[in-house]
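Here the structure is laid out as structure tokens; the discussion comes afterwards.
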Amino acid sequence: MEAVIGSHGCCHERGKMQEHKLDEMMKKTRVGIKVIPQEVVQAFFSACKSGNFDLANKEVNNVIAEGYPVSQMLSQLFDIVVEADGVSDEQKAKICKKLGEVDKCLVDGADEYLQLLDVASNTMRVLCNMPLEFSYEN
């Protein structure tokens, strides 16, 4: 009887250990969901706010060169845009609309580099109050 209780206690403890390890693994997984360092996403957003297309293009190239998933970049950029101070609701709406459009394009198989470049240029135009459409009239 003592061996059974001892064995049961051991299994119970082992179950707790496995449960604890599972909890630890889940915490790491939740933390690991944001696979792109926040500094990278913030640098991208700051480059867009600068109004300098060359700087924004450099950040796009950095994201692509590092192999970060653009869909993840869009998700994290969405969070930054929504929480951004000094950005009007109208600007946030325009940027988030473009993020949604680009996400759909990526799902349909569009090129990540071109889509992220589109996000960068659109975000820059919205934040710097540049015209979104170009006029060909003189």
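Could you list, in sequence order, all residues of region 42-95 that are among the polar types (S, T, N, Q) and surrounded by 13 or more Cβ atoms within 10 Å (Cβ to Cβ)?
Gln42, Ser46, Ser50, Asn52, Asn57, Asn61, Asn62, Ser71, Gln72, Ser75, Gln76, Gln91
Matching residues to (1) surrounded by 14 or more Cβ atoms within 10 Å (Cβ to Cβ); (2) part of a helix (DSSP H, G or I); (3) in contact with a Leu (Cβ under 8 Å, 6 or more places away or on another chain):
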position: Lys104; (1), (2), (3): no, yes, no
position: Gln115; (1), (2), (3): yes, yes, yes
position: Asp118; (1), (2), (3): yes, yes, no
position: Ser121; (1), (2), (3): yes, yes, no
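For region 105-119, what are the residues that are of a type outside the set (Asp, Glu) and farther than 25 Å from Gly51 by Cβ?
Leu106, Val107, Gly109, Ala110, listed by residue number.
Within the group Lys98, Lys58, which residue is in contact with an Asp or Glu (Cβ under 8 Å, 6 or more places away or on another chain), basic (Lys, Arg) and either under 20 Å from Tyr113 (Cβ atoms) or outside the structural domain of Leu117 (by TED's automatic domain parsing) (or both)?
After applying the criteria, what remains is Lys98.
The values are calculated or read from the model by the stated rules, or taken from the named source; none is laboratory data. Just so it is clear, the structure is predicted and the values come from calculations on it, not from any experiment. Positions of Cβ are generated from backbone atoms using ideal geometry, with glycine treated the same way; all protein chains shown enter the neighbour counts.
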